[in-house]
1. Quick check: is even one residue across segment 17-34 in contact (Cβ under 8 Å) with a residue 60 or more places away in the chain, closer than 17 Å to Ala133 by Cβ and in contact with a His (Cβ under 8 Å, 6 or more places away or on another chain)?
2. Quickly run through segment 112-122 and pick out the residues that are farther than 10 Å from Ala66 by Cα and free of Cβ contacts under 8 Å to residues at least 60 places away in the same chain.
3. Just give me the residues in segment 128-143 being farther than 12 Å from Thr32 by Cα and polar (S, T, N, Q), in sequence order.
4. From the list Leu21, Leu14, which one is crowded, with 19+ Cβ neighbours inside 10 Å and over 27 Å from Ile172 (Cβ atoms)?
5. Return a yes/no flag: does segment 72-79 have any residue that is of a type in the set (Gly, Ala, Ser), more than 21 Å from Lys102 (Cα to Cα) and either free of Cβ contacts under 8 Å to residues at least 60 places away in the same chain or surrounded by fewer than 16 Cβ atoms within 10 Å (Cβ to Cβ) (or both).
6. Here are the criteria: (1) in contact (Cβ under 8 Å) with a residue 12 or more places away in the chain; (2) under 13 Å from Val120 (Cα atoms); (3) not hydroxyl-bearing (Ser, Thr, Tyr). Tell me which single one Arg57 does not satisfy.
7. Which one is surrounded by the most Cβ atoms within 10 Å (Cβ to Cβ) among residues in segment 183-203 that are at pLDDT 70 or above and in a helix (DSSP H, G or I)?
8. Given the options Gly112, Gly65, Gly93, name the one that is assigned to a helix (DSSP H, G or I), of a type outside the set (Phe, Trp, Tyr) and within 26 Å of Trp16 (Cα to Cα).
Amino acid sequence: MVSQAILNFDSTILLWIQETLRNPVTNAIFKTITHMGDGGVLWICFSLFLCIFKKTRKAGIFALGALLLSVLVNNAFLKNVVGRIRPYEVIAGLECLVKHAKDASFPSGHTGSSIAAATVYLRTLPKKISIPAAVLAVLIALSRLFVGIHYPTDVIAGAITGAALGILACVIGEFVIKKWKEKHPKAQPAEAVKEIEETDESN
């Protein structure tokens, strides 16, 4: 059960956003941004695209793993265990700008998946790709507050779990790659094998 202090904190922020930041222009912008995170489709498609190219394949695979972990931990487990009611059903006067959700509120699944994927990109891709992705992930997280479908503590929790799961996906992925290379040394890239052979000859 959420304490009154936490609920007061969440309510104050959401009502301030509604009263101060909402207008026809910002409403349209943030509704568009929040829908970009629906179902994690954007991140899934981009990660699959990365899998096409050899240089970015690892990032794509790791990100897909992070997204899967986020679904399992945030959506399948934590939401059902906590079972928090959505803010527009609790906070008097709060208007939700998007279609009401059927699942529980805590943590934010949009935030979890977005931050999980962005964390992997930050660890595996050049800054010119990873930083814009991270900015978009943060905007999607903030948009969940703007449209009134999540409490701030939902988003904070989603960001924490998302980052942790993104790092975990990278750690697991690197471990699997290391073990695979140890078992299949001849399957290493031709350039690496050639370099090893040339080193042996010079010695």
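The values are calculated or read from the model by the stated rules, or taken from the named source; none is laboratory data. These numbers were taken from a predicted model, which means no experiment stands behind them. Positions of Cβ are generated from backbone atoms using ideal geometry, with glycine treated the same way; all protein chains shown enter the neighbour counts.
1. So far as segment 17-34 goes, yes, one or more of its residues are in contact (Cβ under 8 Å) with a residue 60 or more places away in the chain, closer than 17 Å to Ala133 by Cβ and in contact with a His (Cβ under 8 Å, 6 or more places away or on another chain).
2. Answer for segment 112-122, where residues must be farther than 10 Å from Ala66 by Cα and free of Cβ contacts under 8 Å to residues at least 60 places away in the same chain: just Leu122.
3. Ser130
4. Leu14
5. Start the filter on segment 72-79 by keeping residues that are of a type in the set (Gly, Ala, Ser), which leaves 76.
Subsequent filtering for residues that are more than 21 Å from Lys102 (Cα to Cα) retains none.
So far as segment 72-79 goes, no, none of its residues is of a type in the set (Gly, Ala, Ser), more than 21 Å from Lys102 (Cα to Cα) and either free of Cβ contacts under 8 Å to residues at least 60 places away in the same chain or surrounded by fewer than 16 Cβ atoms within 10 Å (Cβ to Cβ) (or both).
6. (1)
7. First, the residues of segment 183-203 that are at pLDDT 70 or above: 183-186.
Those still in the list that are in a helix (DSSP H, G or I) too: 183, 185-186.
Values: Lys183: 8, Pro185: 10, Lys186: 5.
Selected residue: Pro185.
8. Gly112
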